[in-house]
Amino acid sequence: MSESFQPALADYLRDESRRVGRADRLAFPRTEAEVLAALAEARAQRMPVTTQGARTGVTGGAVPEGGLVLNLAHMDQIQVEGETLRVQPGATLAAIRAAVPPHLYFAPDPTETSASIGGMISCNSSGALSFLHGPTRNHILGLRVALLNGDVVDLRRGRDQAAGLRFQLGSVSGELPPLRRPAVKNAAGYFVDPDMDLVDLFVGAEGTLGVVVEATLRLLPAPGAVWGLMAFLPSTAAVVGFVDALRQGTVDRRQESGDRKQETAALAALEYFDSNCLAFLREHADELASKGIAVPALPAGSACVYAEWHAPDAAAAEAALMAAAERLPEFGADPDVCILADNPHDVEKLKIFRHAAPEMVNSAIDERRKIHPGLVKLGTDMSVPDARLGDVLALYETDLAATDLEHLVFGHIGANHLHVNVLPRHPADYDAGRALYARWAAQVIAWGGSISAEHGIGKLKRDLFRQMVGDAALAQMRDLKKLFDPDNLLNPGTLL
């Protein structure tokens, strides 16, 4: 079931963070029983266990620091059960989407469709559609979790709950710490609430409390129509104004249609690309074309907001989109240069294009690493309250303008969650970028934001996480982990 680590298996020492670790053994279980046997072996030998799926994470959580690598990629079975799916942790997002009946859909949409559902659960991942539907947590109805002590707990939302802060899971019992969370999009630390569904304790726990061996996923009715709009705006102030107008519901929630009332489209996604990002994509248009990604005409000097609506029918989608476009002149933008997607093919093209930026950033860093082998990108994952969106954009722009760092800003602007990507050309750039990152994190924390809105903490953000929550909260989290893992064998060094 497990084997000594061989040099040919070196890919299992890294994830998309480009961090490289070390391991003694590697196991590829295919069944729950094999997971339990691997955990029993690790417990008997007091051997650290690092769980992995597709290794698409960017915070080093799947990178081992010795011991056993428990890779769950071969546990990939999917079973459709009415309006739910029962899946093993190694099933990828792409495979899940392919299995979903056409009248339904699974809403979480992280950039990497090769991500495994176990990894998505581990860091409570999200994506563009989390603006409407929330992160992965909102779509988990049940979990089977293998605990280090040999128990398997079968949890169902609405059935298995804490009593206040007291809980019992198999032979593990205790009291949950009263942890506070920022009132923003957040994927940092354990989720704890009085009387909570205990499913939620394991979502976002980054594999530190147990190993998910099966999940039951909630599916949603597929919208009758999905329309998208790319709008180009002349300044950051214009971007913030347009985003606020859309978020404040300036487009009516109901529309008259003949002699009956019909629900209007729901704004499902709000995404952002700064002018540097658009220029970067234009510069790499030929390379993107070789990958089948068409770069549309992108006005120079503009920033872009992508909005997407899900509607019962095309008429409702068109009404919402046109109402939004009519607001653009208020913000100095020309509706005639927008890019409209009013059919599944064109919407998919815009979605692929939207995901091209992080992909091309990784490609650029891979090339630079040939000269500077230790070079990695710097990407922020911070979120702020609605009222601070303009402030955080101004902070990023002002600080970056005072440097010669190559940078792009893109991401989930609807949730005030933007990724600043610094593309270092040499180690000095990396050091300068890290100094900015630390300064920004301190300000975001002061504003009541989160230093991780969707990627989790992993092994790379532990210092920032400590700064965000404080030593007392970290001690409480460690005490909670000890109830499940007294010898700190599960994903040691991750999160805590």
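The values are calculated or read from the model by the stated rules, or taken from the named source; none is laboratory data. The structure displayed is predicted, hence computed values, not measured ones. Please note: Cβ atoms are built from the backbone with ideal geometry, for glycine as well, and neighbour counts cover all protein chains shown.
Couple of notes before you dig in:
- The lone criterion from (1) farther than 30 Å from G228 by Cα; (2) touching a Gly at 6+ places or on another chain (Cβ under 7 Å) left unmet by V422 is number (1).
- Restricting attention to the range 136-154, the residues being farther than 17 Å from Y190 by Cα and either hydroxyl-bearing (S, T, Y) or without any contact (Cβ under 8 Å) to a residue 60 or more places away in the chain (or both) number 3.
- Residue check, G332 of a type in the set (G, A, S) and either buried (at least 20 other Cβ atoms within 10 Å of the Cβ) or modelled with pLDDT of 90 or more (or both): yes
- Residue check, A453 part of a helix (DSSP H, G or I) and small (G, A, S): no
Condition check ((1) at pLDDT 95 or above; (2) in a helix (DSSP H, G or I); (3) of a type in the set (V, I, T); (4) closer than 19 Å to L179 by Cα) across all residues:
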| residue | (1), (2), (3), (4) |
| --- | --- |
| V392 | yes, yes, yes, no |
| D399 | yes, yes, no, no |
| F465 | yes, yes, no, yes |
| D479 | yes, yes, no, yes |
| P486 | yes, no, no, no |
| P492 | yes, no, no, no |
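- Residue in the range 86-128 that is surrounded by the most Cβ atoms within 10 Å (Cβ to Cβ), counting only those that are of a type in the set (V, I, T) and either within 18 Å of S452 (Cβ to Cβ) or at pLDDT 95 or above (or both): I117
- Residue match in the range 140-151 (condition: over 23 Å from T494 (Cα atoms), in the same structural domain as Q52 (by TED's automatic domain parsing) and within 12 Å of the chain's Cα centre (by Cα)): no
- Scanning the range 362-387 for residues that are more than 20 Å from H455 (Cβ to Cβ), within 21 Å of the chain's Cα centre (by Cα) and buried (at least 16 other Cβ atoms within 10 Å of the Cβ) yields a count of 0.
- Residues satisfying the stated conditions in the range 155-196, i.e. in contact (Cβ under 8 Å) with a residue 24 or more places away in the chain, small (G, A, S) and surrounded by 14 or more Cβ atoms within 10 Å (Cβ to Cβ): A162, G174, A187, A188, G189
- No other residue among A435, A442, A428 is among the small types (G, A, S), without any contact (Cβ under 8 Å) to a residue 40 or more places away in the chain and under 19 Å from A188 (Cα atoms) apart from A442.
- Helices (runs of 4 or more DSSP H) contained entirely in the range 48-135, each with at least 3 residues that are in contact with a helix residue (DSSP H, G or I) (Cβ under 7 Å, 6 or more places away or on another chain) and within 26 Å of N186 (Cα to Cα): 117-123
- Counted residues, the range 247-266 - those being buried (at least 21 other Cβ atoms within 10 Å of the Cβ) and modelled with pLDDT of 90 or more: 1
- Here L408, L350 are screened, and the one residue that is within 24 Å of L129 (Cβ to Cβ) and outside any strand (DSSP E or B) is L350.
- Residue that is free of Cβ contacts under 8 Å to residues at least 24 places away in the same chain and farther than 17 Å from N343 by Cβ, where the choices are E326, E287: E326
- Residue match in the range 29-47 (condition: in contact with a helix residue (DSSP H, G or I) (Cβ under 9 Å, 6 or more places away or on another chain), hydrophobic (A, V, I, L, M, F, W, C) and surrounded by 20 or more Cβ atoms within 10 Å (Cβ to Cβ)): no
- Scanning the range 454-462 for any residue that is at pLDDT 95 or above, outside the structural domain of G118 (by TED's automatic domain parsing) and more than 27 Å from A128 (Cβ to Cβ) turns up at least one such residue.
- Failed criterion for D76 (all others in (1) surrounded by fewer than 24 Cβ atoms within 10 Å (Cβ to Cβ); (2) touching a Leu at 6+ places or on another chain (Cβ under 8 Å) hold): (2)
- Subset of the range 383-434 (residues that are among the acidic types (D, E) and under 29 Å from E367 (Cα atoms)): E397, D399, D404, E406, D429, D431
- Taken over the range 425-450, the criterion of being part of a helix (DSSP H, G or I) and more than 20 Å from F465 (Cα to Cα) is satisfied by P427, A428, D429, Y430, A432.
- A single member of G493, G448, G470 is surrounded by fewer than 24 Cβ atoms within 10 Å (Cβ to Cβ), in contact with an Asp or Glu (Cβ under 9 Å, 6 or more places away or on another chain) and not assigned by TED's automatic domain parsing to the domain that holds A188, and it is G493.
- Residue, surrounded by the fewest Cβ atoms within 10 Å (Cβ to Cβ), within the range 274-301, restricted to residues that are in contact with a Ser or Thr (Cβ under 9 Å, 6 or more places away or on another chain) and part of a helix (DSSP H, G or I): E287
- For the range 177-204, the tally of residues that are assigned to a loop (DSSP other than H, G, I, E, B) and touching a helix residue (DSSP H, G or I) at 6+ places or on another chain (Cβ under 7 Å) stands at 10.
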